[in-house]
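A short write-up of the structure that comes next.
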Amino acid sequence: MRGQNGAVRERTGAAVGASWIDAFAQARHLRGLAIAALAGGFLAAAGAFQTGEAPVAIRFAYWIGVMLVGATAGIVVSVLVDRGGWFDDRPALQGSVIAATLTIPLTVMIWLISSFAFRGGRLELEAINYFVGPVFIVTCVMTALNYFTQRTPPETHAALAGGSPPRFLERLPARLRGAEIFAVEAEDHYLRLHTSKGQDLILMRLSDAVAELEGLEGAQVHRSWWVARAAVEDARRADGRATLTLKDGASAPVSRAYAKALRASGWI
């Protein structure tokens, strides 16, 4: 099947590679930026970490700016970690790594910004020690908030009567046209299509596919799997993990991060 790469590239040339612009435009990242801006406004209003004596305008510009820069750095790190897949199904460990990775560069950045915002540009090297603790605390809190608000799996919904069919159907190879889609599985830069007419590969990112699958009821049950609700024949739990058995016999793993929400929705 890998021999079909030429045809695959021709069908989905526009989807080659991962776009950083697309990554930042994902709903969960935009939500993270919004949370950071709100947190920055709260810290400014509270005059947190001895900034209460600064003029209000400077406080708000400082805190909202710092939080947005930190959130942007967090997105970059989280995208890299997600692509690596090193901490799949271990959200707590992944969040800890992200927070630890961000603390040192953000400490230096905030030290520099603070020096110009509140100390007239005087760079006092010993002042860095003061920032390490607060930066680590704020980074851990923001990382936890983002994970807490992102635990609902991306879902797609059945089309309304008379509505347009999912755009994703246009991407099906000719031999799979008219097939029922059971699941879409990410494999490197490709997607493996599980359908009632068999399997095939296309070159596309899973996040883009999920957006185009709107119109079919389903959910992203794992970082590498989107599953159609109607395709699930059985759900089993073993060793603390859940697995969905599909109509074609494939087994789709359920991420621990999504398990609670999927259980509440009746998937498991």
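Throughout, read-outs are computed from the coordinates displayed, never taken from laboratory work. Here the structure is a predicted model, which means the values were calculated and not measured. In this analysis, Cβ positions are derived from the backbone assuming ideal geometry, glycine residues included, and neighbour counts consider all displayed protein chains.
Distance between the modelled labels on GLU187 and SER115, one decimal in nanometres: 5.3 nm (7 Å Cα→Cβ projection). Relative protection proxy for 176-188, 117-129, from highest mean packing down: 176-188, 117-129 (other beta-carbon atoms within 10 angstrom). Give me log10 I(q)/I(0) at q = 0.19, 0.20 Å⁻¹ for region 156-264, Debye formula, one equal scatterer per alpha-carbon, no solvent. Rounded to two decimals, the profile gives -0.97, -1.07. Under the simplified labelling scheme, the LEU30-GLU124 pair shows an inter-label distance of 4.3 nm, with each label point 7 Å from Cα along Cα→Cβ.
Extension gain, ALA48 to GLU217: 0.36 nm times the residue separation minus the Cα-Cα distance gives 56.3 nm.
Placing R0 at 30 angstrom, the Cβ-Cβ distance between LEU80 and ARG167 gives a FRET efficiency of 0.55 after rounding to 0.05.
When the label point is put 7 Å from the Cα of ARG177 along its Cα-to-beta-carbon vector, which residues of region 187-203 have a backbone N closer than 19 Å? Output list for this probe position: 193-203. The label-point distance for VAL69 and ALA159, in a model that sets each label 7 Å from Cα toward Cβ, rounds to 4.8 nm. A full extension of the chain between ASP234 and VAL132 corresponds to an added length of 31.8 nm, given 0.36 nm per residue minus the alpha carbon distance.
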